Each structure stands twice: as structure tokens, then as C-alpha cells.
Amino acid sequence: MKVIIGSDHGGYELKLEIIDHLKNKGYEVVDVGCDSNASCDYPVYAKKVTDKITADEDKSSLGILVCGTGIGMSMAANKVEGIRAALCHDTFSAQATREHNNANILCMGARVVGPGLAMMIVDTFLETPFSNDERHIRRISMYS
Ligand code: RB5
């Protein structure tokens, strides 16, 4: 599976750790930036990730966005049609949002979670399939 990842300066260090973690697990990872700790604007990187997720023809790619809180990234990403970005700081939410909401982007705040929990959230999100239950498909179609 291809994972598209982006961050602002607040999420930069955690993003590097996530990329290492995912590459060690054999994932193909595309990093759209940012490329340093220098202050930058999170909506720029949210858009770079959403552009790639919406352009993915077979819809198999998943995205990860990291900023200080994860909140700005999730707000920016969810403005884009076809994007279902979920802000998750626990594994239960990461599992539930894949099963119920078919979320295609995971947002996290590097100032909220430590790297150990972040990796468990990432693994849960990427490894949990959408349930394909009729009720969830119906509910998603009501807003997306
Ligand atoms: C940057 O200071 C911070 O505002 C950003 O990383 C994020 O938390 C926005 O929601």
C-alpha cells in the first residue's frame, strides 16, 4: 500500500519517525514535505496530500498528516471533496474510523501524542479495512 505523508514544522520530527517506521515495515511512502523545522503553513501540506489521495484512481492510497495538534490539518483536509480525514489520538478511534467512516487520511498532533503511541495509531489505521457494511456506506454517501 502507498502511504502519502505530510506535515508542517510542528509535526516534522514525528513525521520522520513515522516514515522510518513505515519503510521498515515495507510500505511505499511518499513524503510531500515540509522538509525542515522551519515555520511553515500547514494548509499547504494538507493540500499536497489531499491532491494525491483524490488523484489516486483505485483509491487504495491512505494519507497521514501531522501538525502540532492535528486539528488544523484535519480541518484543511476535510474541505476537499472525497477526503475523509480523521483526527485520532487513540487506537480505538483509528480502528473505528477505518471500519465505520472509511477514513482515507489520518491526522495526528505531534504535541499531543508521543512517538510510541503514534506508531500504534498509524499501524492500526493502515491495517484496519473498511467494514463495507451497508449502513456505513449509506451514511458516508450522505456527506461525501
Ligand atoms: C503551528 O504552530 C500549529 O498551529 C500547527 O502545527 C497546528 O497545530 C495547527 O492546527
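Using a simple spin-label model with points 7 Å from Cα along the Cα→Cβ vector, what separation in nm is obtained for ASN37 and LYS2?
3.2
Mind checking which of ASP56, ASP133, ASP90 has the largest fluctuation in a GNM of the chain, springs on alpha carbons under 10 Å?
ASP133
Determine, for LEU117, LEU65, LEU22, the number of other Cβ atoms within 10 Å of each Cβ, and report the residues in order from fewest to most.
LEU117, LEU22, LEU65
Which aspartates and glutamates does LYS59 reach when only Cα atoms under 17 Å apart count, and residues fewer than 8 places away in its own chain are ignored?
Cross-link targets: GLU28, ASP51, GLU81, GLU99, GLU127.
How high is the relative contact order of the chain, in percent, counting Cα pairs under 8 Å that sit 6 or more residues apart?
Once divided by the residue count of the chain, the mean separation gives 24 percent.
Under the rule of -39500 (n - 2.57) per DSSP H run of 4 or more residues, summed and divided by the residues of the chain, what mean residue ellipticity at 222 nm is obtained, to the nearest 500 deg cm²/dmol?
So the helix-based figure for the chain works out to -14000 deg cm²/dmol.
Which lysines, if any, have their Cα less than 16 Å from the Cα of LYS47, not counting same-chain residues under 8 positions apart?
Those lysines meeting the cut-off are LYS79.
Give me the dipole magnitude in Debye, nearest 20, for the range 8-96 about the Cα centre, with unit charges on the beta carbon: positive for Lys and Arg, negative for Asp and Glu.
That gives a dipole near 180 debye.
If amide H atoms are built 1.01 Å from N in the plane of the peptide, which residues on other chains or at least 5 residues away come under 5 Å of the amide H of ILE64?
ILE4, ILE5, GLY6, LEU106
I'd like the Karplus ³J(HN,Hα) series for the range 33-41: coefficients 6.51, -1.76, 1.60, θ = phi - 60°, whole numbers in Hz, and an x wherever there's a Gly or Pro.
x, 6, 10, 6, 7, 5, 4, 8, 9
By counting other Cβ atoms within 10 Å of each Cβ, how are GLU28, GLU13 ranked from fewest to most? Don't jump to the answer; show the numbers that get you there.
Working: GLU28 11, GLU13 14.
Ranked by crowding around the Cβ, least crowded first: GLU28, GLU13.
For the range 66-83, take each phi angle, set θ = phi - 60°, evaluate the Karplus expression 6.51 cos²θ - 1.76 cosθ + 1.60, and give the result in whole Hz per residue in order, putting x for glycine and proline.
Those phi angles translate into 10, 10, x, 10, x, 6, x, 4, 5, 5, 5, 5, 6, 6, 8, 4, x, 9 Hz.
Using Cβ contacts closer than 10 Å as the measure, can you line up CYS67, CYS34 from fewest to most?
Arranged by neighbour count, lowest to highest, CYS67, CYS34 become CYS34, CYS67.
Each value in this text was obtained by applying a stated rule to the coordinates, not by laboratory testing. Bear in mind that the values here come from a model prediction, so they are computed numbers and not experimental data. Cβ: placed from backbone, ideal geometry, glycine included. Neighbour counts: every protein chain shown.
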